[in-house]
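The values are calculated or read from the model by the stated rules, or taken from the named source; none is laboratory data. Being a predicted model, the structure only gives us computed values, none of them experimental. Cβ sites come from the backbone with ideal geometry, for glycine too, and all protein chains shown count toward neighbours.
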Amino acid sequence: MTYFTTRQYLEENSQFLPGLTCLGDVLKARGYRQNFISGWPLGFTGQGAFYASHGYSSIMGAAEVVAAVGGPGSSFGADDAQVLDMSLDVLRRAQQDGRPFSLTIAVSGGHAIDGYLTDKCIGMTGLPRQTPNILHAVKCTNMLIADFIHEAEAEGLMANTVLALQSDHLSAPSTVTDRLNKYDRRNFFSLSGDGIPSKAYTGLSGTIDIFPTILDALGVPLANDQAAFGVSLLGDRPTLAEVFGQARFDEAIYAEDVLVRSFWKLKPSRTDVAAKVELD
């Protein structure tokens, strides 16, 4: 996506990756009611446009979350405690509805440069006071997510539900980057739910493999355990990174400018289509 990744480009377009079939599109076709909740404003990096373009009917950003749960929010919008409180209420209603649903939650406490520490966690992380703020913020978010999951389980809200936890990218440059660079840095992804084996995937994989893995966990049929360029990590097929090697695979992705442009080819609006019919 290197050609298109300026924030200005992402935030100015009403359609986000309109040329791709995404997880939301697949689940919408299968009758899922889909919810997205974020502490960031919906215009940030075009996240609202992405979910609106791919099958989500309920999309709530910072303004909507703060209005619903109350409180001062944070310097950028809604803090993680507010987002997860709102998410728990949405999860309760979704389970009561009885229809299949998805709930996508974007937390932001660990965001660079120095993190966003929720007021609820001040003095509660157990870390020394002189610890960089971003580490307090990350610890806080982890605690809040754990509380969210435990409460949902205690209320019986996780029945017949697949839980995915993932990072969206490696931590951006921050006050602790020098420490992080001493380690082998990897993106995080985990699944839990009935029928999902308790094991760690040890092969070479990437975020492109998350799409088919979630579909597989939800029982959506896949051709050869694949979807798009990804391979389900619940199966036995090697990923493309394993087949070609990471360097060759990365080079192929970066080189495909024509392919990437096709992902962003805008779909005509209904008004445009109607006007064309009249002219014909």
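Residue 92 - would you say it is over 30 Å from residue 229 (Cα atoms) and either modelled with pLDDT of 95 or more or aromatic (Phe, Trp, Tyr) (or both)? So residue 92 fits the description; yes. Considering only residues in the range 224-253 that are among the charged types (D, E, K, R) and not in a loop (DSSP other than H, G, I, E, B), the one that is nearest to residue 200 (Cα to Cα) turns out to be 242.
Once the range 191-212 is narrowed to residues that are β-branched (Val, Ile, Thr) and either touching a strand residue (DSSP E or B) at 6+ places or on another chain (Cβ under 7 Å) or assigned to a loop (DSSP other than H, G, I, E, B) (or both), the residue that is surrounded by the fewest Cβ atoms within 10 Å (Cβ to Cβ) is 202.
If I ask for residues that are more than 18 Å from the chain's Cα centre (by Cα) and not in a loop (DSSP other than H, G, I, E, B), which ones from the range 86-114 would you list? Answer for the range 86-114, where residues must be more than 18 Å from the chain's Cα centre (by Cα) and not in a loop (DSSP other than H, G, I, E, B): 89, 92, 93, 94, 95, 96, 97.
Of all the criteria given as (1) closer than 30 Å to residue 25 by Cβ; (2) modelled with pLDDT of 95 or more, the one not satisfied by residue 131 is (1).
Take residue 94 and tell me if it is of a type in the set (A, V, I, L, M, F, W, C), farther than 19 Å from residue 10 by Cβ and surrounded by fewer than 17 Cβ atoms within 10 Å (Cβ to Cβ).
Values: of a type in the set (A, V, I, L, M, F, W, C): yes; farther than 19 Å from residue 10 by Cβ: yes; surrounded by fewer than 17 Cβ atoms within 10 Å (Cβ to Cβ): no.
Against the criterion (of a type in the set (A, V, I, L, M, F, W, C), farther than 19 Å from residue 10 by Cβ and surrounded by fewer than 17 Cβ atoms within 10 Å (Cβ to Cβ)), residue 94 does not qualify.
Residue-level check: of (1) surrounded by 15 or more Cβ atoms within 10 Å (Cβ to Cβ); (2) of a type in the set (A, V, I, L, M, F, W, C); (3) closer than 30 Å to residue 33 by Cα, residue 188 misses just (1).
If only residues of the range 51-76 that are closer than 14 Å to residue 119 by Cβ and of a type in the set (Gly, Ala, Ser) are counted, the one that is surrounded by the most Cβ atoms within 10 Å (Cβ to Cβ) is 74. Within the range 19-40, the residues that satisfy the criterion of being touching a helix residue (DSSP H, G or I) at 6+ places or on another chain (Cβ under 8 Å) and crowded, with 17+ Cβ neighbours inside 10 Å are 22, 23, 24, 26, 33, 34, 35, 36, 37, 38, 39, 40.
Listed here are the residues, each with its yes/no results for (1) at negative phi; (2) within 18 Å of the chain's Cα centre (by Cα); (3) β-branched (Val, Ile, Thr); (4) not assigned by TED's automatic domain parsing to the domain that holds residue 159.
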{"position": "15", "(1), (2), (3), (4)": "yes, yes, no, no"}
{"position": "24", "(1), (2), (3), (4)": "yes, yes, no, no"}
{"position": "39", "(1), (2), (3), (4)": "yes, yes, no, no"}
{"position": "45", "(1), (2), (3), (4)": "no, yes, yes, no"}
{"position": "67", "(1), (2), (3), (4)": "yes, no, no, no"}
{"position": "78", "(1), (2), (3), (4)": "yes, yes, no, no"}
{"position": "116", "(1), (2), (3), (4)": "yes, no, no, no"}
